[in-house]
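Here the structure is laid out as structure tokens; the discussion comes afterwards.
The values are calculated or read from the model by the stated rules, or taken from the named source; none is laboratory data. Note that the coordinates shown come from a computational prediction; the quantities given were computed from them, not determined experimentally. As a convention, Cβ positions derive from the backbone with ideal geometry for all residues, glycine included, and neighbour counts pool all protein chains shown. Heads up: the accessible areas ignore ligands, DNA and RNA and are worked out on the full protein's heavy atoms, side chains in. Shrake-Rupley method; radii C 1.70, N 1.55, O 1.52, S 1.80 Å.
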Amino acid sequence: MKTITLLGATGSIGASTLDLVARNPDRFRVHAVASGRDWAKLAEIARACSAQVAVIADEDRLPELAEALAGTGTQVRAGSTAMVETAAEPVDLVVAAIVGAAGLAPTLAAIEAGTTVALANKEALICAGDLMTAAAARSGARILPIDSEHNAIFQVLEDVGRISRIVLTASGGPFRGLSREDMARVTPAEAVRHPNWSMGAKISVDSATLMNKGLELIEAHHLFGVGPDRLGVLVHPQSLVHGLVEYVDGSVLAQLGPADMRVPIAHALAWPERIETPVNRLCLATAGKLEFEEPDRARFPALALAEAALAAGGCRPCVLSAANEVAVGAFLEGRIGFLDIAAVVSDTLSALAVAPVTTLEEVAAADAVAREVARSFVAHRAAR
Ligand code: NAD
Ligand code: MG
């Protein structure tokens, strides 16, 4: 029996995780569930999985959460300190599925406590990758990737010393064939309608700009300890091949599967074992043509911005990710256009100097400055 704490329980990854947990009551037991502000959904989840603890980030929502869970035996908590303390409580696995840098402190707390972390929350690793991998080395915590491409690579990775290249595939998103002129007019509703995957709003927009793939290169660098010269991206619109590892002898190992996040989540939950999932099976005979092409960095400049941030290191990935969170938020609110997202990120990177980040405080400071600068660029563009 594995005990699990699920951070980001009310989100898309949270729902897929809870589905697998519910199907395997003999294998998994939920210790704690946590979310941002949706107290009603969190209470419903806590009841359904008989969680011992429910934590809500927004302290103002605690009375409603407490009332909704009265008499159930589930302990309720609120606020960022409670979130971090809960993440550090001993369990077999913490599923880190909060969106954005908000997930950094609790994820790091779980790693520092020596707990195995199944990581979906890529932004945490992107803004503080060196801190997180150093903490994992100290505590002995393992980080198991949930992100489909990284989980794919984890499944086929034999010997990091003998690989020549890691390739992440990208669907290309909903605007793969669009001109820049057409992209200037796309709406938030069109941007979140991903052709292959059903995901939260932020990552769906990131997939549409290709920023997601750029963030994933940085994620792969930290997870697998591989430099940018051995990391590549290939657009594969069918999203059936999730990641490839080329070895020095010319062999290429790839992982394939249906585009359903329950496959990589099941792998991380059960590792080193495997469990059954209810997903549709991949049938190559009827899958049609599998296509692969180079990404177009001119039409999707976010990818090149992320590649440059990875190469520069220090605070750059954190600045990139924080500015992107602000810009995507503004786009979803209808304040700026789709092409403004990468422009705001680029302007923010240009406005700030490269600096090293070696402590959590320095990461928090870089994140805060980047958000402030990005907000001013958003305001400037929104006023045009
Ligand atoms: P989502 O928007 O559906 O859910 C986000 C979750 O984070 C919610 O439970 C929300 O309550 C919680 N949250 C937000 N702010 C919080 C805060 N301050 N404190 C505590 N909780 C907070 O997002 P998602 O699609 O489930 O993605 C979650 C993470 O997983 C992201 O980092 C994303 O990049 C990554 N990921 C998602 C997918 C996918 O298929 N959805 C695939 C790969 C990676
Ligand atoms: Mg991914």
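One table, with the values for the structure above:
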item	result
Where a residue in region 263-276 is closer than 16 Å to D92 by Cβ and its partner, wherever it lies, is open to solvent by less than 10 Å² (accessible area, probe 1.4 Å) and in a loop (DSSP other than H, G, I, E, B), with Cβ under 7 Å and at least six apart	I265/I146; A268/I146
The lone exception for S16 - which of (1) away from ligand 2 (no atom under 16 Å from the Cβ); (2) surrounded by 20 or more Cβ atoms within 10 Å (Cβ to Cβ); (3) polar (S, T, N, Q); (4) in contact (Cβ under 8 Å) with a residue 60 or more places away in the chain it fails	(1)
All positions within region 88-121 that are of a type in the set (G, A, S), away from ligand 2 (no atom under 16 Å from the Cβ) and either in a loop (DSSP other than H, G, I, E, B) or crowded, with 22+ Cβ neighbours inside 10 Å (or both)	A101, A110, A113, G114
First in region 367-379 and assigned by TED's automatic domain parsing to the domain that holds A355, second anywhere and surrounded by fewer than 17 Cβ atoms within 10 Å (Cβ to Cβ) and assigned to a helix (DSSP H, G or I), Cβ under 6 Å, 6 or more apart	V373/A351
Helices (runs of 4 or more DSSP H) contained entirely in region 168-232, each with at least 1 residues that are more than 13 Å from the chain's Cα centre (by Cα), under 18 Å from A343 (Cα atoms) and of a type in the set (K, R)	180-183
